[in-house]
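What follows is a single structure, written as structure tokens, with notes after it.
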Amino acid sequence: MPDRTVSFRFYEELNDFLPKEKRKKTFSYNFRYNQSVKDAIEALGIPHAEVDLILVNGNSVDFSYVLKNGDYVSVYPVFESLDISLVSRLRNAPLRQVKFILDVHLGKLCKYLRILGFDTYYRNDLEDSEIVSISVNENRIILTRDIGILKNGKVTHGYWVRSQNSRQQLWEVIHRFDLENILQPFYRCISCNGLIHPVEKEKIEHLLRENTKRFFTDFYQCNDCGKVYWEGTHYENMQEFVNNIISRKKLLIR
């Protein structure tokens, strides 16, 4: 069977997965046997979970479309904040109740997301298969530094975190998922992801050190693990960190 050729053009951050000579330009892709557009996209190194819109010769198609000789394929990333409901989206509507699950390499990012109030599942002993299963069962967006996880056929929502710096990763995720307007700082426990509520000092006094009892009056406690929080120096540092996010200032790299 003779080779067939189609033209591909990838847009925006999908170019991060391509070699430099194929980024932000149209290039040819050759194949011999029947191949779905999904298989071709992943053969080129793009995780399907990062793709939300495919146009073939100007018409929207789904992942099952079988490529034909001479097709022109345009591939776009996930639109979490843009309504493209009139075309063939490749998954259900965006997850507006944003919940994340992170791979084992993103512990610091987990802490930052929880500080900002986002429901963030993280354990440092999770296998890739467990991450995928939890993501599917709980409608969580996978954040990962491992592209391979996002190529699992069961994954519907996921994002490959580009930066290796935890604070830059946070800004990247906030920008990527349009989260600036739904921050809820100090709403979740940094340790376990549970919700935090005000608590009377008398009820948790036995858990406090003497200096803490002497100098502080307002306290908060996690509903799940019972961890106690108060507005000490550590809180002030976190508040400054949150203010930088809210004011959209550039995050400093430690």
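Relative to the longest principal axis of the Cα atoms of the chain, the long axis of helix 128-138 makes an angle of roughly 80 degrees.
Let's test the formula: R0 of 51 Å, r as the Cβ-Cβ distance of Asn165 and Arg209. What FRET efficiency results, to the nearest 0.05?
On the way: r = 34 Å, r/R0 = 0.66.
According to the calculation, E is roughly 0.90.
Here the residues Leu55, Leu207, ranked from fewest to most Cβ neighbours within 10 Å of their Cβ, fall in the order Leu207, Leu55. Taking chymotrypsin sites (Phe, Trp or Tyr not before Pro) across the range 166-209, the ones in a DSSP loop with at most 16 further Cβ atoms lying within 10 angstrom of their Cβ are Tyr187. Only helices enter this figure: runs of n ≥ 4 DSSP H residues, each worth -39500 (n - 2.57), summed and divided by the residues of the chain, yield -7000 deg cm²/dmol at 222 nm to the nearest 500. For the chain, the equivalent ellipsoid derived from the Cα gyration tensor has semi-axes of 44, 17, 15 Å, listed largest first.
Which length gain, in nm to one decimal place, applies between Lys24 and Cys225 when the Cα-Cα distance is subtracted from 0.36 nm times their residue separation?
Details: separation 201, 0.36 × 201 = 72.36 nm, distance 4.80 nm.
Full extension from Lys24 to Cys225 adds 67.6 nm.
When the alpha carbon coordinates of the range 99-186 are projected onto the principal axes, the ranges are 32, 25, 23 Å, largest first.
In whole percent, what relative contact order does the range 196-245 give with Cα contacts below 8 Å and a gap of six or more residues? Let's see the in-between values first.
Working: 39 pairs, mean separation 16.8, N = 50.
Computed value for the range 196-245: 34 percent relative contact order.
Among the GluC sites (Glu not before Pro) in the range 167-225, those located in a DSSP loop and surrounded by at most 16 other Cβ atoms within 10 Å of their own Cβ are Glu200. In terms of distances greater than 20 angstrom between alpha carbons, the cross-link table entries Lys203/Lys227; Lys99/Lys154; Lys201/Lys227; Lys99/Lys203; Lys24/Lys99; Lys68/Lys151 yield Lys99/Lys203; Lys24/Lys99; Lys68/Lys151.
No value in this document is a laboratory result; all are computed from the given coordinates. Nothing here was measured: the structure is a model prediction, and the numbers come from that model. So basically every Cβ, Gly included, is an ideal-geometry build from the backbone, and we count neighbours across all protein chains shown.
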